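Inspection log for the structure reproduced underneath, given as structure tokens.
The values are calculated or read from the model by the stated rules, or taken from the named source; none is laboratory data. Being a predicted model, the structure only gives us computed values, none of them experimental. Note that each Cβ is placed from the backbone with ideal geometry, even for glycine, and that neighbours are counted across all protein chains shown. Remember, those area values only see protein heavy atoms, side chains included, never the ligands or the DNA or RNA. Shrake-Rupley method; radii C 1.70, N 1.55, O 1.52, S 1.80 Å.
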Amino acid sequence: MGAFVLMDALELAGIGLVAGVVSTVVSLASIVSYPALLAFGLPPLAANVTNTVALLFAGVGAAAGSRPELAGQGRLLGRLGLAAGLGGAAGAGLLLVTPSRTFEMIAPWLIAGASLLLLLRPQRPGQVGLGGESGLALRAGVFCVAVYTGYFGAAGGIIMFAVLAAALDRPAAGVNAVKNIVSALANAVAAVWFALLGPVDWEAVGPLAVGFLVGGWLGPAVARRLPGRTLRLAAALCGLAVAVKLGVDAYRGG
């Protein structure tokens, strides 16, 4: 992508800040940051892996910002974290063996599907299913969502929230905090794979990661105070618009 100038770095940091907040509140960071990296000239696969590596810092910020909700949940996070880590590794491996053109063709469909999920109201905490928080079904669900997170991840946190809300008898803010950490673990494993084997643009990672870190830290405070319905709707509509734009570019170019 060439040498970054100061304005490029500041712009990416600002994008990361917005994406970090969106990530921890409605789990759509990639719908903000991924198109931005494309606009900076990165090919689709490089944009995806660069975004995944930088997104690791949103998880760090979210962990710091969610300490009240995470108190006493270490055992639960340990159980679910293993499933998430294995799923993230599987998804990252799948992406690394997928041809770049194939990824470019399917990315709009992934984004559109993830955006539509925002229009579905997740199950209310307290309506426990999936065998409860110790059930095998919950860990299997977390694993499957983590595979998606490792592969692409746009709105993967929304799916993760729905799975967790079906099994955890906790307030929405508590479920959201667990979702942020479990999703971050899946993303972290994928980020290690991509850092070692993927076409990461390290010049873009730095400023984007700074924005993600700050945005991830601010996001839980926003989630505690704002009803998510309006924000979910706005994010869904923006995501669908992005999917249409990327789809037109991909299929017209094909």
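For the reader, a short list of remarks on this structure follows.
- Total charge dipole magnitude, the stretch 1-117, about the Cα centre, Cβ charges on Lys, Arg, Asp, Glu only, Debye to nearest 20: 400 debye
- Relative contact order of the chain, defined on C-alpha pairs under 8 angstrom at six or more residues apart (%): 41 percent
- Each of the peptides 83-92, 19-28 was scored by the mean count of other Cβ atoms within 10 Å over its residues; in descending order, highest first, they stand as 19-28, 83-92.
- Evaluated with a Cβ-only charge set (Lys, Arg +1; Asp, Glu -1), the chain carries a dipole of roughly 820 debye about its Cα centre, given to the nearest 20.
- Folded to 0 to 90 degrees: helix 202-225 orientation relative to the chain principal axis, Cα: 30 degrees
- Per-residue ellipticity at 222 nm computed for the chain from its helices equals -27000 deg cm²/dmol, with DSSP H segments shorter than 4 residues left out and the rest contributing -39,500 (n - 2.57).
- Positive end of the dipole of the chain (Cβ unit charges, origin at the Cα centre): among Gly65, Leu119, Leu86, the Cα lying farthest that way belongs to Leu119.
- Between the helical axis of 172-197 and the longest alpha-carbon principal axis of the chain there is an angle of about 40 degrees.
- 0 to 90° range, to nearest 10: angle between helix 74-96 axis and the chain longest Cα axis: 30 degrees
- Of all accessible heavy-atom area on the chain, the percent that carbon and sulfur account for (1.4 Å): 71 percent
- Candidate values (i) 12.2; (ii) 14.3; (iii) 13.2, label of the one derived for mean projected area of the Cα convex hull in nm²: (i)
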